[in-house]
Protein chains: 2
Amino acid sequence: MPTTKTFQAALHDWAETFMRRSMREWMRYVKTTGLSLPQFNTLMKVYYGGGCGLSEITSHLDVTAAAASQLVDGLVQRGLLERSEAEHDRRVKHITLTAKGRALVERGIEARSGWTKDLTGRLTAEQREAIAAALRQLTEAARRLEAEAPELPARANR
Amino acid sequence: MPTTKTFQAALHDWAETFMRRSMREWMRYVKTTGLSLPQFNTLMKVYYGGGCGLSEITSHLDVTAAAASQLVDGLVQRGLLERSEAEHDRRVKHITLTAKGRALVERGIEARSGWTKDLTGRLTAEQREAIAAALRQLTEAARRLEAEAPELPARANR
DNA sequence: TGATATAGTTCAACCGGCTTAACTAATCAA
DNA sequence: TTGATTAGTTAAGCCGGTTGAACTATATCA
């Protein structure tokens, strides 16, 4: 396969350029919210998880249950998360975003890749069309990949 | 322009899928190194800056000079960074990566987007070729963009 | 030369995340 | 029912990043 090498190189270059910029924008945004990175990551997990139990946050952040509990606690106090009992098992607390929390996360996602808007003007219509098609294929492949790898290895919980 | 809308949508979707996965891989990697996020970000800044003064780290991380100094100090003690006087201005300390530090950063970059290697097998040769071409154009555009926007706004330094 | 500005360091204090350990409450299994 | 397991909380303490303030040393400007 002659194309795999150049393909991976192109993907790698783009990933590096893209990540570097996006991560910085993201961290700057998080700082403006007054939240810590762990706190914001907690919100992100809940956002993508569509609400989840505490244990999922624990394994996602790779911290102890105590740490996750305290993190959530702070976010509840700020009015960004809500805790409620799950009906199927009253031990688990179902954690969901408030409207305020959701807005915060969505602005974060926006801030993270907002700079890519500036790319649009630098490309011709033909380029945009071809690139959009390429990205859709990549995104689809990545999502399939993610759907397969079911879940992260849980922490040893020493 | 009918394509700009769909282009930005495609870019946005990709960015979200990609960032979510990459950031998690990256944070997991950083954790394995035993370094904190601020410490690792310091290394990254020096890596991409090709060696730089402390003040650049200060503005990049958006912290006070005291914080940056201490961060660098810890990394020097771990043998990841080196400090030396700049010859053109003996006030500034030129900060560079040691071989060990460089290796650590490069493994981090690898860990961040290493999962994308799994995408290769899910695409046909034609797709790979088209996508590679598209990504190269994107990367080039992004780099040009970056080259223009010269530097970040410095912190108010209250 | 002297005054001011800039680059960086050190120190004390603070804050917040993280951990361990002990605990409550609910569920499951024998 | 009893015992063990699981989900989550609380409290004490540690560690490390961050800050403001005081300081040194070099550079710049008049």
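The values are calculated or read from the model by the stated rules, or taken from the named source; none is laboratory data. All values reported here derive from a predicted model rather than from experimental measurement. Cβ: placed from backbone, ideal geometry, glycine included. Neighbour counts: every protein chain shown.
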Exclusive hit being touching an Asp or Glu at 6+ places or on another chain (Cβ under 6 Å) and aliphatic (A, V, I, L, M), set A:123, A:145, A:97, A:119 | A:145
Just a yes or no: is a residue in region B:25-42 crowded, with 19+ Cβ neighbours inside 10 Å and in a loop (DSSP other than H, G, I, E, B)?
-> yes
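So, in region A:75-114, of the ones that are away from chain B (no Cβ under 14 Å) and closer than 28 Å to residue A:19 by Cβ, which residue ends up nearest to DNA strand C (Cβ to nearest atom)?
To start, the set of residues in region A:75-114 that are away from chain B (no Cβ under 14 Å) comprises A:75-104.
When the remaining residues are screened for being closer than 28 Å to residue A:19 by Cβ, the result is A:75, A:80-81, A:97, A:101-104.
Numbers: A:75: 9, A:80: 12, A:81: 13, A:97: 17, A:101: 15, A:102: 19, A:103: 20, A:104: 15 Å.
Result: A:75.
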Could you count how many residues in region A:44-74 are more than 12 Å from DNA strand C (Cβ to nearest atom) and of a type outside the set (D, E, K, R)?
-> 11
Could you please give the count of residues in region A:81-98 that are of a type outside the set (Lys, Arg) and touching a residue at least 40 places away in the same chain (Cβ under 8 Å)?
-> 4
Restricting attention to region A:4-24, which residues are crowded, with 18+ Cβ neighbours inside 10 Å and β-branched (Val, Ile, Thr)?
-> A:17
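Going by what's in this entry, would residue B:24 be described as within 14 Å of another protein chain (Cβ to nearest Cβ), more than 11 Å from DNA strand C (Cβ to nearest atom), closer than 24 Å to residue A:108 by Cβ and basic (Lys, Arg)?
Taking the combined requirement at face value, the residue satisfies it.
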Filter result for the condition that a residue is farther than 22 Å from residue A:89 by Cβ, at pLDDT below 90 and out of contact with any Cys (no Cβ under 8 Å at 6 or more places or on another chain), over A:44, A:19, A:23, A:1 | A:1
